[in-house]
Structure formats: C-alpha cells, structure tokens
Amino acid sequence: MKLAIIGTRGYPYVYGGFETFAKELSERLVKNGVEVHIYCQRNLFRERPPLVNGIHLHYIPTIQTKSLNQIVHSFLSILHATFSSVNVILVVNLAAGPMGWIPKLTGKKTMINVDGLEWLRPKWKGVGAAYFRFAAKIACRLYDLIITDADAMREVYLKEFKKDSTVIAYGAPAYKKAEPSFLSRFNLIPEEYYLIVGRLIPDNNADLIVKAYLQADSKKKLVIVGDVPYSDQYASDLKKMAEGRVQFTGYVTNSDELMSLYQYSFSYIHGHKFGGTNPAMLKAMSNNCAILALDTCFNREMLNDGEFGLFFEEDPASVIHAMQQLENDEKIVQRLKKEVGKGLTNKYNWDCVTAAYQSAMNSI
C-alpha cells in the first residue's frame with residue numbers, strides 16, 4: 001500500500017495540528033509497512049531531502065498568500081499524486097474539496113479529513129466563506145471516504161450535507177513530567193497563572209477571555225502562548241487591549257517549555273469554537289490541566305459533558321464566573337487535574353488512530 005498525504009506544510013516541519021498529525025501518523029504507518037509520501041510546501045524547506053525516516057517527501061511550490069496558499073499547493077500536489085505510483089490519497093485540508101475529481105482520472109482512491117467548520121470561521125468572509133461551504137459540500141460527492149475527527153462533527157455533516165462519515169479522532173501526546181524550572185524564562189510561578197494556547201485569531205476567542213480577565217478581580221496572571229505569522233489587525237488590537245496586563249509569550253517552540261507551561265498552570269482556558277477534536281485541548285488534558293472551555297458541542301464531547309472540565313458561554317460575565325468558581329474553591333481545580341487524564345481513552349491514542357486510518361485505507 002502506498003499513501004500520499006496532502007494539505008500539511010510538510011514533514012518533519014511541525015507547525016500546527018495537521019503537521020503533528022502527519023508526523024505521528026506517517027511514522028507509525030511506515031513501521032506497519034505502508035509506503036508514505038508527504039507533500040511539502042517548498043518555500044518552507046532550505047534543505048529538501050527526498051527521504052526522511054523512511055518517508056518520501058515531495059516539495060511543491062505555492063503562492064505565499066493567506067487566501068491562495070493552500071488552494072494552489074493542494075492543487076499542484078494532487079495533480080502530482082494522481083500521476084504517481086500511490087494507491088490512496090489522503091487530503092487534510094478542506095480547500096482541496098473541489099479537487100477530488102482529479103485522482104479519478106487514474107483511478108486513485110481518496111480520503112479527506114474535513115477538519116473544522118471552515119465556512120463559519122471569522123477569517124473567511126464573503127467569497128472565502130462561500131468557497132469553503134461549497135468545498136465541504138462538493139467533497140462529500142467527490143471523495144471516496146469522508147473523515148471527521150469528532151462525533152459532533154459527523155452530526156454536522158449528516159445535517160448540513162446529508163453525508164455520513166468515518167469518525168477518527170486526533171491523538172494526544174503522552175504525558176511526560178515537566179520541570180518547573182522551565183517557567184523561569186517566563187518569570188512565572190506554578191499555579192499562579194491562567195494559560196491560553198492558540199493562534200491569535202477570532203475563532204479562538206482570546207479577545208473574549210482577555211476582556212473578562214481585565215474586568216475580573218483575579219490575583220492570577222493571564223499568559224497567552226501563540227501568535228500569527230503575519231501582520232494582523234486582530235492580533236494587534238488584542239495586544240493593545242491587554243494594556244500590558246497580559247503576558248504574551250509569542251510562539252513557544254521548545255516542547256519541554258510548553259509542557260511545563262501547561263502542567264504548572266492554575267487553569268487552561270480554551271476558547272476555540274469551530275473545530276472538532278482540538279490538539280491544544282488534548283495537550284491540556286494530557287498534561288493534567290484544570291480546563292475552562294467555551295461551551296460547544298465539540299468541547300463537550302472532549303470533556304464528557306463537564307466531567308473533565310468546566311464550561312463558559314460566549315460572554316465575559318460567564319468567563320468571570322467560571323474563573324471565580326476555581327479561585328474560590330481550589331478543591332475543584334485539584335479534582336479536575338486529577339480526573340482529566342481519564343478522558344484520554346483509546347479514541348485519542350495515536351496507535352489506535354493509526355490503526356483506524358490503515359483500516360480505512362484498506363476499506364475503500
């Protein structure tokens with residue numbers, strides 16, 4: 001079996017969720033005897049070896065703009081894979097939804113992981129939103145198998161597009177105890193800060209959480225890990241609104257430092273709205289965080305309707321109330337930290353995720 005993975009930035013370039021997904025999945029599949037080909041964005045790699053860790057790499061050019069980057073790269077990658085020796089093409093970006101007809105020219109089998117509700121994300125307005133909704137609808141007709149990463153996302157596709165899908169979640173990292181000494185770089189004290197991890201985009205509601213924090217009478221710090229890799233008005237306004245009272249670390253690329261930030265936080269606050277199984281949430285769960293999460297069907301699925309975290313509404317007063325609950329009764333914090341790891345069932349285990357993808361490849 002030969003598999004092509006298209007729609008990530010590449011391998012072993014780990015930038016976000018889908019890059020981590022490609023790494024974890026492909027390395028395991030290679031050990032299982034699958035020949036894996038990953039399509040990389042050429043401009044991100046100074047060195048371009050054709051084979052790394054047994055994984056075949058193809059460096060494809062693209063147009064480096066936010067709106068066309070993924071569309072152009074996915075199109076050229078699918079075109080290349082269509083006329084290659086691979087048997088199955090796995091696409092992990094909804095931008096390529098309308099391109100599912102291309103592999104049919106040579107009889108390739110296709111799968112697409114549709115990820116989140118792209119057409120509802122604030123960054124895609126007007127034509128962008130219309131394109132992604134069209135892409136989701138047409139992908140349901142063109143690809144041999146639709147993969148959703150949460151049961152709640154499967155329900156969305158059944159309701160919106162009358163299309164069933166195979167649910168395969170995202171894997172959580174293994175727990176590894178972090179040293180509190182890593183916090184010294186950020187001048188932080190264990191248990192004395194709230195943590196947000198994610199890109200500074202409207203979807204993740206950092207502005208909502210910052211507004212609430214500025215209004216709350218909290219003795220804890222608020223630390224935000226993440227940024228955007230381009231000049232952006234939302235990110236600039238958010239930092240200006242924080243008035244120096246919120247600590248922005250930017251990107252934290254050292255995994256030991258990041259795990260330390262998770263593990264020694266008082267609470268992790270998750271405002272992500274439009275995704276399915278969220279990698280940042282899984283990291284919070286695997287690092288035994290006390291979690292406050294926006295009340296969405298996806299977050300409820302991950303936290304088992306409140307067994308492994310508390311929820312807040314999309315309103316500053318609700319965020320403040322949730323923060324006060326934790327600060328007024330730290331027994332809640334300790335209970336959540338003790339219990340949250342139990343939510344990481346086999347559904348979120350990378351070996352089980354890999355087995356599910358391999359089974360899906362063989363079934364189409």
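Taken together, the values in this text are just the output of simple stated rules run on the coordinates, not laboratory data. Just so it is clear, the model here is predicted, and its values are computed rather than measured. So basically every Cβ, Gly included, is an ideal-geometry build from the backbone, and we count neighbours across all protein chains shown.
Using a Gaussian network model on the chain with a 10 Å cutoff between Cα atoms, which of H270, H321, H58 fluctuates the most?
Maximum fluctuation in the GNM of the chain, among the listed residues, is at H321.
Of K159/K347; K283/K347; K163/K342; K109/K163; K176/K283, which ones are farther than 20 Å apart at the Cα?
K159/K347; K163/K342
Out of (i) 20.8, 67; (ii) 20.5, 63; (iii) 24.1, 81, which label holds the value of Rg and Dmax of the Cα atoms in Å that was computed here?
Computed from these coordinates, Rg and Dmax of the Cα atoms in Å corresponds to label (ii).
Which value, in debye to the nearest 20, gives the size of the charge dipole of the chain about its Cα centre, when Lys and Arg are +1 and Asp and Glu are -1 at the Cβ?
Dipole size: approximately 1040 debye.
Take every Cα-Cα distance within the range 26-179, group them into 10 Å bins from 0 onward, and report for each bin the whole-number percent of pairs it holds.
Reading upward from the zero bin: 10, 34, 37, 17, 2, 0.
What does the charge count around L29 come to, taking other residues whose C-beta lies under 14 Å from its C-beta (Lys +1, Arg +1, Asp -1, Glu -1)?
It works out to a net charge of 0.
Quick one: helix 350-363 against the long Cα principal axis of the chain, what's the angle to the nearest 10°, folded into 0 to 90?
Roughly 30 degrees between the two axes.
Go through N204, G275, L3 and say which Cα lies farthest out towards the positive end of the charge dipole of the chain; charges sit on Cβ, +1 for Lys and Arg, -1 for Asp and Glu.
The residue sitting farthest along the positive end of the dipole is L3.
Could you work out the local net charge near V225, counting Lys and Arg as +1, Asp and Glu as -1, over the other residues with Cβ closer than 15 Å to its Cβ?
+2
Across the chain, where is the longest run that never hits GluC sites (Glu not before Pro) in a DSSP loop with at most 16 other C-beta atoms within 10 Å?
48-190
What ranking do D256, D227 get, fewest neighbouring Cβ atoms within 10 angstrom at the top?
Lowest count first: D256, D227.
Measuring from label point to label point, each 7 Å out along Cα→Cβ, what is the R335 to L214 span in nm?
For the pair R335/L214, the computed spacing is 3.4 nm.
Would you mind checking which residues have amide H under 5 Å from A150's amide H? H placed 1.01 Å from N; only 5 or more apart, or other chain.
Amide H neighbours of A150, under 5 Å, 5+ apart: I168, T277.
How much of the DSSP beta bridge set in the range 180-345 is antiparallel, as a percent to the nearest 5?
Once the DSSP bridges in the range 180-345 are tallied, antiparallel ones form about 5 percent.
For E314, what is the net charge nearby, where nearby means another residue's Cβ is under 10 Å from its Cβ and Lys, Arg count +1, Asp, Glu -1?
Summing Lys/Arg as +1 and Asp/Glu as -1 gives -2.
In a Gaussian network model over the chain where Cα atoms closer than 10 Å are linked, find which of T106, T354, T82 has the largest mean-square fluctuation.
Top of the fluctuation ranking is T106.
Work from the charge dipole of the range 58-147 (Cβ charges, +1 for Lys and Arg, -1 for Asp and Glu, about the Cα centre) and give the residue of C140, W119, S74 farthest towards its positive end.
W119
Work out how far the C-alpha atoms of the range 180-345 reach from end to end along every principal axis, then list the three figures in whole Å, largest first.
39, 35, 30
Between 0 and 90 degrees, rounded to the nearest ten: what's the tilt of helix 69-82 against the longest Cα principal axis of the chain?
Once rounded, the angle reads 40 degrees.
Gaussian network model of the chain, Cα springs within a sub-10 Å range: biggest mean-square fluctuation belongs to which of S286, S184, S84?
Between S286, S184, S84, it is S184 that shows the largest mean-square fluctuation.
If I fit a long axis through the Cα atoms of helix 127-142 and take the longest principal axis of the Cα atoms of the chain, what angle between them do I get, 0 to 90°, rounded to 10?
Helix 127-142 sits at roughly 50 degrees to that axis.
Would you calculate a helix-derived [θ] at 222 nm for the chain, using -39,500 (n - 2.57) for each DSSP H run of n ≥ 4 and dividing by the full residue count, to the nearest 500?
Rounded to the nearest 500, the figure is -11500 deg cm²/dmol.
Sort Y230, Y268, Y13, Y213 by Cβ crowding within 10 Å, fewest neighbours at the top.
So the ranking, lowest neighbour count to highest, is Y230, Y13, Y213, Y268.
What size of dipole, in debye to the nearest 20, comes out for the range 180-345 about its Cα centre when the only charges are +1 on Lys and Arg C-beta atoms and -1 on Asp and Glu C-beta atoms?
The dipole magnitude comes to about 380 debye.
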